[in-house]
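Structure first, then comments.
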């Protein structure tokens, strides 16, 4: 190789920030260019529905500072939508017609919130960008009644933030229990009780038949009656932003398809984060919307382009903080209905962990307030250490001693 | 001038490998890793969870809050901002664990500690 290669990241979010730092740590010498369509550089997206929404200020919000970028030859271009990647000419073409040299490209275009047709206007919100979060925060005031459509992680975080700011919160979901699809019924019930304790109201187990937005409020109609709220926050998931990939001729499905190293159907183009449908060694092809996954994928791509081929094979990990309660999940996407659930601790007291066992090996874990169990579960999953359900459930057994036992046997 | 405070016995660390003690009013986490005792600020620079509730794996301390991994020797988290203060440790021949009253290296903010919620 004669000249140093230029790497361009399309999308200036968590992948761009993690990748930049990892590339420099791994000794990648070429210029790095981050091209984003938002007006700002990379920021902590998880904070938009947590600290930033419930509190205030921008402490810890920004992921890259200008000084570091300058010292490390990382160029940030904001407000610059990308048209396509042209691999044949090694460039990235912007929608304004200009182009940027790009020997290597990482697509990290993320996703956009799903919307409901016809449900729009000043009183209707989604949360994806800093601007979205700041606009909603102004409406979370005492006396305001905030409707949240969707009782998943985002919706429940929004409800918690609304309560923290003294607003009323009412959560709508077709499921009879919040978070149960992601975390199991026991944790779902415990977290729902926590929200109810903090004054969140629930309208669950029924479909929404219609939503009417007027100048005075938003009316939601369910089989059992109508509810009027001042603001409606729609938290029903995201769609991957695949347009740039499609216009670049990449193979896409539910996201941009990549191999385990993050490489797309064009060898010089990688993809990571919410937009990437990666081929996971353990779970097969899957697109995951967790920030830690985006960061780990970026780290693997950085190693690969810096000359040490790497794959992303971690069990997917995520957390959510609601009020002062910390919840984490590991490997939950790979659970099968036949896996055995084992509970340790007391979930109803918001202090316990669920493990999923298959053929005597832990495959997944979810915890309320016991992140230390997840650290051990990661080792049990990675090393496929045989354990018994009664050991996991017995609080007299120190979980990390299950790891020591393996070392003795090895 | 750093003085030494007798905070624990080595045998208290042999099973669970970790223990919270208090030095000059500051919660300090002791870890026994490969037969060496380390002392770090117990309150995590990220979200103020206790490292002593965490896990020791492959010579690293993993915070239960958000799985940040700390080097017990330096107090630095892997790929994350901030730093835990580290404290001097001495183990006597009788197995008493002493911790100095002045940190060896200072605490550095992560910039991510919780901002007080606004309820007005």
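All of the numbers you see were taken from the coordinates with simple rules; none came from a lab. Since the model is a prediction, treat every value here as computed from it, not as a measurement. For neighbour counting, all protein chains shown are included, and Cβ atoms are generated from backbone atoms with ideal geometry for every residue, glycine included.
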Could you tell me the relative contact order of chain B? Use alpha-carbon pairs under 8 Å, at least six residues apart, and round to a whole percent. 26
Apply 1/(1 + (r/R0)^6) to the Cβ-Cβ distance of residue B:22 and residue A:397, taking R0 = 25 Å, and write down the FRET efficiency to the nearest 0.05. 0.30
Antiparallel as a % of all DSSP beta bridges within the protein assembly as shown, to the nearest 5? 70
Largest first and to the nearest Å, give the Cα extent of the protein assembly as shown along each principal axis. 75, 69, 52
Give me the number: length gained by fully extending residue A:384 to residue A:215, i.e. 0.36 nm times residue separation minus the C-alpha to C-alpha distance, one decimal in nm. 55.1 nm
Which whole-number percent gives the relative contact order of chain A, counting Cα pairs below 8 Å spaced six or more residues apart? 14
Residue separation between residue A:181 and residue A:404 times 0.36 nm, minus their alpha-carbon distance, gives in nm 76.9 nm
Over the stretch A:135-190 - Rg/Rh using Cα atoms and the Kirkwood inverse-distance radius: 1.02
For a label point 7 angstrom out from the Cα of residue B:94 toward its Cβ, which stretches of the stretch B:3-35 have the backbone nitrogen within less than 15 Å? B:5-11
1/(1 + (r/R0)^6) with r = Cβ-Cβ of residue A:259 and residue A:336, R0 = 30 Å, i.e. FRET efficiency to nearest 0.05, evaluates to 0.80
Quick check on chain B: what does the Kirkwood estimate of hydrodynamic radius come out to from the alpha carbon pairs, in Å? 14.5
Theoretical FRET efficiency, 1/(1+(r/R0)^6), r = Cβ-Cβ of residue A:25 and residue A:3, R0 22 Å, to 0.05: 0.50
Separation in nanometres of the label points that stand 7 Å from Cα toward Cβ, at residue B:79 and residue A:239: 3.1
With labels modelled as points extended 7 Å from the Cα through the Cβ direction, what inter-label distance (nm, one decimal) is found for residue A:88 paired with residue B:48? 5.9
What nm value, rounded to one decimal, do you get for the distance between residue A:358 and residue A:189 when each label is placed 7 Å out toward the C-beta? 2.6
